[in-house]
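Worksheet: the structure to be examined is printed underneath.
The values are calculated or read from the model by the stated rules, or taken from the named source; none is laboratory data. These numbers were taken from a predicted model, which means no experiment stands behind them. Using ideal geometry, Cβ is built from the backbone for each residue, glycine included, and neighbour counts are taken over all protein chains shown. SASA here: full protein model, heavy atoms, side chains in, ligands and nucleic acids out. Shrake-Rupley method; radii C 1.70, N 1.55, O 1.52, S 1.80 Å.
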Amino acid sequence: MTSNALRRLPSVDALMNTPAAADLCDEYGREAALDSLRTILQNTREQLKAGQPAAVEADALLAQAAQTLAERFLPTLRPVINAIGIIIHTNLGRAPLSTAAQQAISEAAGQYSTLEFNLDDGKRGSRLRHASDLLVEVTGAEAGLVVNNNASALVLILSALALGKEVIISRGQLVEIGGGFRVPEVMEQSGAKLVEVGTTNRTRASDYARAVTPNTALLMRAHYSNFKVIGFTEDTPLHEMAAVAHQHGLLLVDDVGSGALLDTAAYGLEHEPTVQESLAAGCDLVAFSGDKLLGAPQAGIIVGKKALIDTLKQHPLARAIRADKLCLAGLTATLDHYRRGEATIQIPVWRMIAMPLTELQARAQQWADVTGGQVIAGESAVGGGSLPGETLPTALLALTVESPDAFAARLRQSRYPVIARIARDQVLFDPRTVLPGQDEPLLATIQACR
Ligand SMILES: *Cc1c(COP(=O)(O)O)cnc(C)c1O
């Protein structure tokens, strides 16, 4: 029986001569198709020799090859549906971009561009000019600079302005932001000497003033964006820090973190410090991320005094951490939404923050009608190192299934993975972070996984 089956097993040449194999060659390349068929034949032979049943028909073997090739060629970086309800989720790629930003990126990606080219005189231009005028316009700063991300922006600032010198920071702000990003380690990496003042819960202006020495370069504030200090606390207001810094001829640098340009308090949230407020309080430089509350691609943005920005631009590190053209294209298109006053309509993270509860309830109800689940009240979070502990009321689709963990795993392992939340033995889906156009694939995936 085994030897009979072995004899019926087609040769790799016979399989390669079928139309199905030709399709696999077209799709994945001849090498990969051949390799896959050889492996499948080898495995089948071993199974038969071991006395195990195995399919030997050409169709079955080719179908196996199609399946393994499809899995092997699936990209590891691919879109998912965020049904968790955390708007800026670092593990899921932070801010989704506006349509205009996506289009700008696509154009810059597929064509030549004016990246470093001046159309007036046909000579070399600067890649930094694309975002800098817009940054000045929307933040009111004297000048702006874009680099790879906020962590690198801070390294650049400290390397250029505080190398071998002292930087004074409150003990309460020596924080880890997540993903191993620790403010003190970043500061030390840049060759600045950290001088800690105050206590974990209280730091006063006089603490900063007392720590100033002839070797001090600057005072720094790091927004502790991912946790809350409550109770007996006192943070020195930025304008008081600015007064201390400027009395001593020093600089004040603010790592404001999430880069809000709009007031989150308008949407029932606590007020997240804005870039404009830091500048108005007298900060000389303000650094923030592009892909958090700004709603742009990954970037580190520095705005502030023109002379300082010029110094930063000329530092060798600036070249090493420069922003790429796709980032600049997406960032300028995003900043343009702020300039036009349409940020809350066009930028997905702000649209999600502003989404009315009635709309969320209606969508959750539609999902419940299709899936037979219930609609329950719940909470969404902003995430991304902003507004810790703050939530927005939402409506959730709640599904009761046999094994929530196994169901959530099937959702994740689908072709268009769905990332859901589990609470109180139910699987929960938050419409707030499910993008327009994702309802249909979401529901199809839910139904297929049950
Ligand atoms: C997120 C964050 C950073 C790191 O920014 P990246 O753009 O991820 O490098 C630094 N500081 C604060 C306060 C943050 O919230």
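Evaluated against (1) within 16 Å of the ligand (Cβ to nearest atom); (2) at pLDDT below 90, residue 234 falls short on exactly one condition, (1).
What helices (runs of 4 or more DSSP H) lie completely within the stretch 331-402 and have 3 or more residues being assigned by TED's automatic domain parsing to the domain that holds residue 288 and within 16 Å of the ligand (Cβ to nearest atom)?
Numbers: elements: 343-346, 348-354, 357-371.
Fully inside the stretch 331-402 and qualifying: nothing.
Do we have any residue at all in the stretch 252-275 that's closer than 20 Å to residue 219 by Cβ and out of contact with any strand residue (DSSP E or B) (no Cβ under 7 Å at 6 or more places or on another chain)? Scanning the stretch 252-275, I find no residue that is closer than 20 Å to residue 219 by Cβ and out of contact with any strand residue (DSSP E or B) (no Cβ under 7 Å at 6 or more places or on another chain), so the answer is no.
For every residue, the table says whether it meets (1) modelled with pLDDT of 90 or more; (2) in contact with a Leu (Cβ under 8 Å, 6 or more places away or on another chain); (3) within 14 Å of residue 222 (Cα to Cα).
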{"position": "122", "(1), (2), (3)": "yes, no, no"}
{"position": "127", "(1), (2), (3)": "yes, yes, no"}
{"position": "130", "(1), (2), (3)": "yes, yes, no"}
{"position": "134", "(1), (2), (3)": "yes, yes, no"}
{"position": "141", "(1), (2), (3)": "yes, yes, no"}
{"position": "145", "(1), (2), (3)": "yes, yes, no"}
{"position": "164", "(1), (2), (3)": "yes, no, no"}
{"position": "183", "(1), (2), (3)": "no, yes, yes"}
{"position": "193", "(1), (2), (3)": "yes, no, no"}
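Screening residue 99 on (1) modelled with pLDDT under 95; (2) within 30 Å of residue 432 (Cβ to Cβ) shows it passes everything except condition (1). Candidates in the stretch 268-280 are the residues that are modelled with pLDDT of 95 or more and within 16 Å of the ligand (Cβ to nearest atom); of these, the one that is surrounded by the fewest Cβ atoms within 10 Å (Cβ to Cβ) is 277. Of the numbered criteria (1) away from the ligand (no atom under 16 Å from the Cβ); (2) open to solvent by 30 Å² or more (accessible area, probe 1.4 Å); (3) without any contact (Cβ under 8 Å) to a residue 40 or more places away in the chain, the one residue 320 fails is (1).
If only residues of the stretch 140-166 that are in contact (Cβ under 8 Å) with a residue 60 or more places away in the chain and assigned to a strand (DSSP E or B) are counted, the one that is farthest from residue 292 (Cα to Cα) is 143.
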